[in-house]
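Undergrad: One structure, as structure tokens, below. Some questions next.
The values are calculated or read from the model by the stated rules, or taken from the named source; none is laboratory data. A quick note: this is a predicted structure, and the numbers were derived from the prediction, not measured. Because the Cβ atoms are built from the backbone with ideal geometry, glycine has one as well, and the counts that use them run over all protein chains shown.
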Amino acid sequence: MRDMTPDHALPGSPQRRPGSPRVSRRGVLSAAVGAAGLAALGGCGMATGKGEGTVTVGSKGFAESWINGELYAQALRALGYQVDLKTNVGSSELIDAALTSGQIDLYPEYTGVIVMSLAGHEDLMESAEQTLDLAREFEASRGVTVLDATPFENKNAIAVTREFAARHNLRTIDDLRGIGEFTYSTYPDNVSGGQGYEAIVETYRLPNMNLRTLSIGLNYQALENGEIDAADVFTTDPQLLRSDLVVLEDTKNLFGFQNVVPCVRDDLLDRVGQDVPDLLNTMSSLLTLEAVQAMNEASAINRLDPAQVARRFLEANDLL
């Protein structure tokens, strides 16, 4: 689960993989962000002064959060609001403290992180809807409104090569139980904990799963080279767009549900128009898995600035 442990960067992001190849997927990004395609990068109207005071948007310390923060900030500016964007605020605990203390007004968060990391629920969730309801209930008690969730979610998953899946007839994580010993990799901070290696072994009864720890981002190369048989991945990793891998179904919902929602202070909603929640909800509805993977790839692998990536998405969807 994204951010169940201290924040990490998106695999392949500049601070994690400085040598990542420059792979151009302009066509994929164009298809993902909307029928208008990739609009030229030009100046957009940045009218200010609408509403009372400045709207302060926050984001965490990895590429996907930077992009989401830019989406919020640029779209709100296009509506005429004065916006201050604070990037790299910190871990979920730190950015949540900034929200509840009024240092920021809104930020993008994962529903499972709200429920499990912030609210402290330990039971596994049965559905994305239940997770969203619990997130809304928790945040409402603190003067925060959780708006609509995105179609995409970013959570841990187990991936194997297509050849390995075909050879062992693998479709779900349960299917790994009958294949004999195999090697699985995850990053060092994800060995223990509710969704780490030890939890997978216990939940899915996989004593045949041997562990190899690798830094985030190195698992894809290790899979492709046959050094490991299965790997911990994140479902919005851009590498999944260009790797011949199969993501195994998590039938027990061990990895939970991690859709993204705008978390907005109620006092902000009191001083802005209905156009703000309407805009954020519209934008969330457009954030499909395909679109987010393509934007992550544009930023983390092709090295486009998150602000550029966000602007292209917004222009292609007529939100600027």
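Undergrad: Keeping to the stretch 262-279, report how many residues are among the hydrophobic types (A, V, I, L, M, F, W, C) and farther than 22 Å from A97 by Cβ.
TA: 3
Undergrad: Can I ask one more? Scan the stretch 260-276 and tell me whether some residue there is assigned by TED's automatic domain parsing to the domain that holds V55 and among the polar types (S, T, N, Q).
TA: yes
A quick yes/no check of all residues on (1) modelled with pLDDT of 95 or more; (2) touching a Pro at 6+ places or on another chain (Cβ under 8 Å):
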| site | (1), (2) |
| --- | --- |
| L206 | yes, no |
| D244 | no, no |
| V276 | yes, no |
| I301 | no, yes |
| R311 | yes, no |
| L314 | yes, no |
| N317 | yes, no |
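Undergrad: While we're looking at this one, here's another question. Residues of the stretch 218-236 being part of a helix (DSSP H, G or I) and within 28 Å of N68 (Cα to Cα), which ones? Give the derivation first.
TA: Here is the first cut: in the stretch 218-236, the residues part of a helix (DSSP H, G or I) are 219-224.
Matches in the stretch 218-236: N219, Y220, Q221.
Undergrad: Just wondering, is there one or more residues in the stretch 111-123 that are closer than 24 Å to Q274 by Cα, surrounded by 18 or more Cβ atoms within 10 Å (Cβ to Cβ) and in the same structural domain as L268 (by TED's automatic domain parsing)?
TA: So in the stretch 111-123, the residues closer than 24 Å to Q274 by Cα come out as 111.
If we keep only those that are surrounded by 18 or more Cβ atoms within 10 Å (Cβ to Cβ) as well, we get 111.
When the remaining residues are screened for being in the same structural domain as L268 (by TED's automatic domain parsing), the result is 111.
Yes, some residue in the stretch 111-123 is closer than 24 Å to Q274 by Cα, surrounded by 18 or more Cβ atoms within 10 Å (Cβ to Cβ) and in the same structural domain as L268 (by TED's automatic domain parsing).
Undergrad: Sticking with this one: Give the residues of the stretch 110-165 that are of a type in the set (G, A, S) and free of Cβ contacts under 8 Å to residues at least 60 places away in the same chain, sorted by residue number.
TA: A119, G120, A140, S141, listed by residue number.
Undergrad: Sticking with this structure for a sec: Looking only at residues in the stretch 198-213 that are of a type in the set (S, T, Y) and touching a residue at least 40 places away in the same chain (Cβ under 8 Å), which one is surrounded by the fewest Cβ atoms within 10 Å (Cβ to Cβ)? Lay out the reasoning, then the answer.
TA: Of the residues in the stretch 198-213, the ones of a type in the set (S, T, Y) are 203-204, 213.
Those still in the list that are touching a residue at least 40 places away in the same chain (Cβ under 8 Å) too: 203-204.
Values: T203: 16, Y204: 19.
Only one residue tops the list, namely T203.
Undergrad: Another one. Any chance the stretch 246-253 includes a residue that's surrounded by 23 or more Cβ atoms within 10 Å (Cβ to Cβ) and in contact with a Ser or Thr (Cβ under 7 Å, 6 or more places away or on another chain)? Break it down into steps so the answer makes sense when it comes.
TA: Residues of the stretch 246-253 surrounded by 23 or more Cβ atoms within 10 Å (Cβ to Cβ): none.
Among the residues of the stretch 246-253, not one is surrounded by 23 or more Cβ atoms within 10 Å (Cβ to Cβ) and in contact with a Ser or Thr (Cβ under 7 Å, 6 or more places away or on another chain), which makes the answer no.
Undergrad: Report the residue count in the stretch 88-107 for those that are farther than 11 Å from V144 by Cβ and in a helix (DSSP H, G or I).
TA: Count: 6.
Undergrad: Quick one: is V160 farther than 25 Å from A75 by Cα and in the same structural domain as G217 (by TED's automatic domain parsing)? If you could, list the steps in order and put the result at the bottom.
TA: Numbers: farther than 25 Å from A75 by Cα: yes; in the same structural domain as G217 (by TED's automatic domain parsing): yes.
Taking the combined requirement at face value, the residue satisfies it.
Undergrad: Quick check on Y184: is it aromatic (F, W, Y), within 30 Å of V261 (Cα to Cα) and touching a residue at least 12 places away in the same chain (Cβ under 8 Å)?
TA: no
Undergrad: Scanning the stretch 145-185 for residues that are closer than 19 Å to L287 by Cβ and hydrophobic (A, V, I, L, M, F, W, C), which turns out surrounded by the most Cβ atoms within 10 Å (Cβ to Cβ)?
TA: A149
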